[in-house]
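Have a look at the structure below, then the notes.
The values are calculated or read from the model by the stated rules, or taken from the named source; none is laboratory data. Remember, it's a predicted structure, so these values are computed and weren't measured experimentally. So basically every Cβ, Gly included, is an ideal-geometry build from the backbone, and we count neighbours across all protein chains shown.
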Amino acid sequence: MLGSIRTVTTVVPALDPIEHAYTQYLGMRVAARGSIDPAQAQAWSAPACAGCRTLTLVPEIGQATSLRFIEDAAAGTCRPFTTHGWNATEITVRDTDALAARLADSPFRIIGPPANLKGFEWIRAMQVLGPAGECLYLTDVGADATLAQASGPVGQIFIVVVGGADIDAIAGFYGAHFPNEISAAVEVPIGVINRANGLPPEARHKLAILKLPGGTRIELDQYPPCTGPRPVVPGHLPAGMAIVSFAVDPVPATSILRGAAGEIVELQAS
């Protein structure tokens, strides 16, 4: 069984703007600073990342999940929702509108203002881009007991979004490795995908949900044909959201997997 989300790893050109933005405007704190061990870089098939500086951030209250940033200017940059792989990190918050006001004059750019989720009006979310173009969904789930709750104004990661050319292939990868429940795919308009790719607002895309413990999820999206595989500089990790680490017990012999969309899945002991 694939367990809950532990860490999202994002490759960025510089760490200092990340630290300033997340600590000053999202209330996160620094949990660790370090560098990538050569053995770890080899395990990721990214030997050029050895020695790259890292920054790990956690919510101000609680440490259920963490954001790990790797500084690697040579990896380049990517625009979320235009290439395949991990594309967005969804974090629980207590008051989406108050947070939107706080971020109005900040390094975060709001690309989707606060809005209630159609069909789930008690859930209110917004979407922002961070200093390196990384995408966050900031979501107040209200009293929805099926989803992880925020432990403070900004809480834990509770959903990660992977997108690729074929949702059946993406779901098939997870179904082949883990017995978690995966919903049937539905077709819905997804605003962030449409805006990023210059598509009409009503354009629909297939979406499915993989359930994880503790009210956490993986969202599986099928991206339009105008998107493609994320370019990767040889020896480096993909730019942007590159790896998601999950708890699993026991850890299999192969603890690094690559999904059908090119996403890197890292398995850690529960």
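Selection of the range 73-91 for residues being in contact with a Pro (Cβ under 9 Å, 6 or more places away or on another chain) and either within 28 Å of GLN222 (Cβ to Cβ) or buried (at least 24 other Cβ atoms within 10 Å of the Cβ) (or both) yields ALA75, GLY76, THR77, CYS78, THR83, HIS84, GLY85, TRP86, ASN87, ALA88, ILE91. In the range 150-190, which residue that is more than 21 Å from LEU2 (Cβ to Cβ), touching a residue at least 40 places away in the same chain (Cβ under 8 Å) and more than 16 Å from the chain's Cα centre (by Cα) is surrounded by the most Cβ atoms within 10 Å (Cβ to Cβ)? Step by step, filter the range 150-190, then rank; the result is ALA150.
Restricted to the range 240-270, and to residues there that are in contact with an Asp or Glu (Cβ under 8 Å, 6 or more places away or on another chain) and part of a loop (DSSP other than H, G, I, E, B), the residue that is nearest to THR65 (Cα to Cα) is SER270.
For the range 108-148, filtering for residues that are farther than 17 Å from ILE218 by Cβ, under 14 Å from the mean Cα position of the chain (by Cα) and assigned to a strand (DSSP E or B) leaves 4. If only residues of the range 14-50 that are within 26 Å of GLY62 (Cβ to Cβ) and in contact with an Asp or Glu (Cβ under 8 Å, 6 or more places away or on another chain) are counted, the one that is surrounded by the most Cβ atoms within 10 Å (Cβ to Cβ) is MET28. For the range 203-217, the criterion of being touching a helix residue (DSSP H, G or I) at 6+ places or on another chain (Cβ under 9 Å), on the phi < 0 side of the Ramachandran plot, outside any strand (DSSP E or B) and not acidic (Asp, Glu) is met by at least one residue.
Determine, yes or no, whether THR10 is surrounded by fewer than 18 Cβ atoms within 10 Å (Cβ to Cβ) and either free of Cβ contacts under 8 Å to residues at least 12 places away in the same chain or of a type in the set (Ser, Thr, Tyr) (or both).
No, not satisfied.
With in a loop (DSSP other than H, G, I, E, B) and small (Gly, Ala, Ser) as the only criterion, which of GLY27, GLY34 stands out?
Working: GLY34 fails: in a loop (DSSP other than H, G, I, E, B).
One residue alone meets the criteria, GLY27.
Can you tell me which residue within the range 210-255, out of those that are loosely packed, with under 14 Cβ neighbours inside 10 Å and of a type in the set (Val, Ile, Thr), is farthest from ARG79 (Cα to Cα)? The residue in question is VAL251.
Looking only at residues of the range 37-52 that are under 19 Å from PRO13 (Cβ atoms) and not in a helix (DSSP H, G or I), we find that the one that is nearest to the chain's Cα centre (by Cα) is TRP44.
Restricting attention to the range 75-107, report how many residues are among the polar types (S, T, N, Q), assigned to a strand (DSSP E or B) and more than 24 Å from SER45 (Cα to Cα).
The first filter runs over the range 75-107 and keeps only residues among the polar types (S, T, N, Q), leaving 77, 82-83, 87, 89, 92, 96, 106.
Next cut, assigned to a strand (DSSP E or B) only: 83, 87, 89, 92.
Applying the additional criterion that residues be more than 24 Å from SER45 (Cα to Cα) yields 92.
So the answer is 1.
Quick one: in the range 192-208, of everything that is surrounded by 18 or more Cβ atoms within 10 Å (Cβ to Cβ) and among the aliphatic types (A, V, I, L, M), which residue is nearest to HIS177 (Cα to Cα)? Restricting to residues being surrounded by 18 or more Cβ atoms within 10 Å (Cβ to Cβ) and among the aliphatic types (A, V, I, L, M), the top hit is ALA208. Of all residues in the range 116-138, those satisfying the criterion of being modelled with pLDDT of 95 or more, in contact with a Lys or Arg (Cβ under 8 Å, 6 or more places away or on another chain) and among the hydrophobic types (A, V, I, L, M, F, W, C) are VAL128, LEU129.
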